[in-house]
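K.L.:
Quick one: the structure is below, questions incoming.
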Amino acid sequence: MPQTELIPAHFRDGACRMAAALRDVDRVLVSGHVNPDGDAVGSLAAAGHILRSLGKEFILYSSTGLPQYLQFFPLPGTVHTSLEHLPFTPRCALLLDCGEPQRLGRELAQRLPGLTSLNIDHHLGGDGMGSLANWVDPEAAATAQLMAYVALAAGLPLKNELACAVALGIITDTGGFCHGNTSANIFSLCARLVEDGCDLTGLRERLENTWSMGRMRLWGRLMERARLERNGEVAFCPVLLEDLRQCRALKEDLEGFVEQLRRLGGVRVAALLREDAPQLCKFSLRSYGDTDVRATAAALGGGGHLNAAGGTLRLRSEQAAEVLLAAINAQLAKEDGLSGETR
């Protein structure tokens, strides 16, 4: 069976276009968004394996490096944190799991206009920032899913390290196959990965068995602080810089906490607000079903998906909390009005 026949019809054209584009470029700088999560890292690794199989020179780049909890994951090359003193001058940039130049980091964002670029992403909000080719498909659960289809379109088997890279991204962005984006296509793809030898269970165990005592202490503190708003429909928790210092935790130790808030019965929106500087806060939003947190994030200059979104507020923590909760309440009131519900 031809490899393209293994790609679901909806994704086939985009996969073939991007595979063809990768064949026409060389000396590629591969990058995802700053502070990469498992999908960004998995996509980065998958791209490296694909480019290596195609005989291309490539560099992996992340200005913020890899998070501590993903240090165990094998990559097809060194991840450079600076664009100075690279082994070669890139001719092309492959931009993954990111739809906004500023989320690539300042150094790459400044260099981007001088590079031919390709963009593969699954976030809503644009047609892509690639100058040569773009594939932005919000129907994909993860950018790593799209990379799997690119590999198949290029005639490459989904085995060994490439399969693990794809699995990492899918596990991350489906919440371990618990989120609403876990489609039949995801199960079909993962079945193929497992059939070809990917140790999905082992990968999950490695991801789960990475907690530090700092993370455990931080989560305990935040569990105590979390509160309910809007008659129990909104779960909210602020995180201060002092919390990280006192618990000896890292920002990345917050990964997954907002999903825990969403577990509270009756909650429609879970919101985490993280203080990054005295007047800079990052927020993460999660929801279930048709409750649209992306609309809330977009109203505040952010973005994401229907049930998972985020953004930045250049305000003090107390002010940011007021603004964020007001935006969440406004969106829920709008949705209630459209549906005719009374709460």
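The values are calculated or read from the model by the stated rules, or taken from the named source; none is laboratory data. None of these values were measured; they are calculated from a predicted model. Positions of Cβ are backbone-derived with ideal geometry, glycine not excepted, and every protein chain shown enters the neighbour counts. To get the accessible areas, we keep the full protein, side chains included, count just its heavy atoms, and leave off ligands, DNA and RNA. Shrake-Rupley method; radii C 1.70, N 1.55, O 1.52, S 1.80 Å.
K.L.:
Every residue in segment 13-25 that is touching a helix residue (DSSP H, G or I) at 6+ places or on another chain (Cβ under 6 Å) and either of a type in the set (Lys, Arg) or open to solvent by 30 Å² or more (accessible area, probe 1.4 Å) (or both), please.
P.N.:
Of everything in segment 13-25, just one residue is touching a helix residue (DSSP H, G or I) at 6+ places or on another chain (Cβ under 6 Å) and either of a type in the set (Lys, Arg) or open to solvent by 30 Å² or more (accessible area, probe 1.4 Å) (or both), namely 16.
For (1) in a loop (DSSP other than H, G, I, E, B); (2) in contact (Cβ under 8 Å) with a residue 24 or more places away in the chain; (3) hydroxyl-bearing (Ser, Thr, Tyr); (4) in contact with a helix residue (DSSP H, G or I) (Cβ under 6 Å, 6 or more places away or on another chain), each residue gets a yes or a no:
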{"residue": "30", "(1), (2), (3), (4)": "no, yes, no, yes"}
{"residue": "41", "(1), (2), (3), (4)": "no, yes, no, yes"}
{"residue": "44", "(1), (2), (3), (4)": "no, yes, no, no"}
{"residue": "83", "(1), (2), (3), (4)": "yes, yes, no, yes"}
{"residue": "89", "(1), (2), (3), (4)": "yes, yes, yes, no"}
{"residue": "93", "(1), (2), (3), (4)": "no, yes, no, no"}
{"residue": "110", "(1), (2), (3), (4)": "no, no, no, no"}
{"residue": "119", "(1), (2), (3), (4)": "no, yes, no, no"}
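K.L.:
Among 335, 322, which is surrounded by fewer than 21 Cβ atoms within 10 Å (Cβ to Cβ), acidic (Asp, Glu) and either touching a His at 6+ places or on another chain (Cβ under 9 Å) or under 24 Å from residue 179 (Cα atoms) (or both)?
P.N.:
335
K.L.:
Could you grab me the full set of residues in segment 63-76 that are in a loop (DSSP other than H, G, I, E, B) and either touching a residue at least 40 places away in the same chain (Cβ under 8 Å) or on the phi > 0 side of the Ramachandran plot (or both)?
P.N.:
Result: 63, 64, 65, 67, 72, 73, 74, 76.
K.L.:
Looking at 66, 96, 112, 75, which one is more than 28 Å from residue 211 (Cβ to Cβ) and touching a strand residue (DSSP E or B) at 6+ places or on another chain (Cβ under 8 Å)?
P.N.:
On the way: 66 fails: more than 28 Å from residue 211 (Cβ to Cβ); 96 fails: more than 28 Å from residue 211 (Cβ to Cβ); 75 fails: more than 28 Å from residue 211 (Cβ to Cβ).
Exactly one residue qualifies, and that residue is 112.
K.L.:
Quick one: in segment 83-130, which of the residues that are polar (S, T, N, Q) and over 18 Å from the mean Cα position of the chain (by Cα) is surrounded by the most Cβ atoms within 10 Å (Cβ to Cβ)?
P.N.:
Result: 117.
K.L.:
For segment 249-277, which positions are more than 19 Å from the chain's Cα centre (by Cα) and part of a loop (DSSP other than H, G, I, E, B)?
P.N.:
Result: 249, 263, 264, 265, 266, 267, 268.
K.L.:
Same structure, new question: Check 232, 197, 202 and return the single one that is over 23 Å from residue 304 (Cα atoms) and at pLDDT 95 or above. So that I can check it myself, show each step before the final result.
P.N.:
Values: 197 fails: at pLDDT 95 or above; 202 fails: at pLDDT 95 or above.
Just one listed residue meets the conditions, 232.
K.L.:
Have a look at 248, 286, 274, 221 and point out the one that is in contact with a helix residue (DSSP H, G or I) (Cβ under 7 Å, 6 or more places away or on another chain) and on the phi > 0 side of the Ramachandran plot.
P.N.:
Details: 286 fails: on the phi > 0 side of the Ramachandran plot; 274 fails: on the phi > 0 side of the Ramachandran plot; 221 fails: on the phi > 0 side of the Ramachandran plot.
Of the residues listed, the single one that is in contact with a helix residue (DSSP H, G or I) (Cβ under 7 Å, 6 or more places away or on another chain) and on the phi > 0 side of the Ramachandran plot is 248.
K.L.:
Looking only at segment 300-319, count every residue that is modelled with pLDDT of 95 or more and either loosely packed, with under 14 Cβ neighbours inside 10 Å or part of a loop (DSSP other than H, G, I, E, B) (or both) and tell me the total.
P.N.:
Within segment 300-319, residues that are modelled with pLDDT of 95 or more and either loosely packed, with under 14 Cβ neighbours inside 10 Å or part of a loop (DSSP other than H, G, I, E, B) (or both) number 6.
Residue by residue, here is whether (1) at pLDDT 95 or above; (2) over 21 Å from residue 65 (Cβ atoms) holds:
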{"site": "81", "(1), (2)": "yes, no"}
{"site": "91", "(1), (2)": "yes, yes"}
{"site": "101", "(1), (2)": "no, no"}
{"site": "112", "(1), (2)": "no, no"}
{"site": "116", "(1), (2)": "yes, yes"}
{"site": "120", "(1), (2)": "yes, yes"}
{"site": "129", "(1), (2)": "no, yes"}
{"site": "149", "(1), (2)": "yes, yes"}
{"site": "152", "(1), (2)": "yes, yes"}
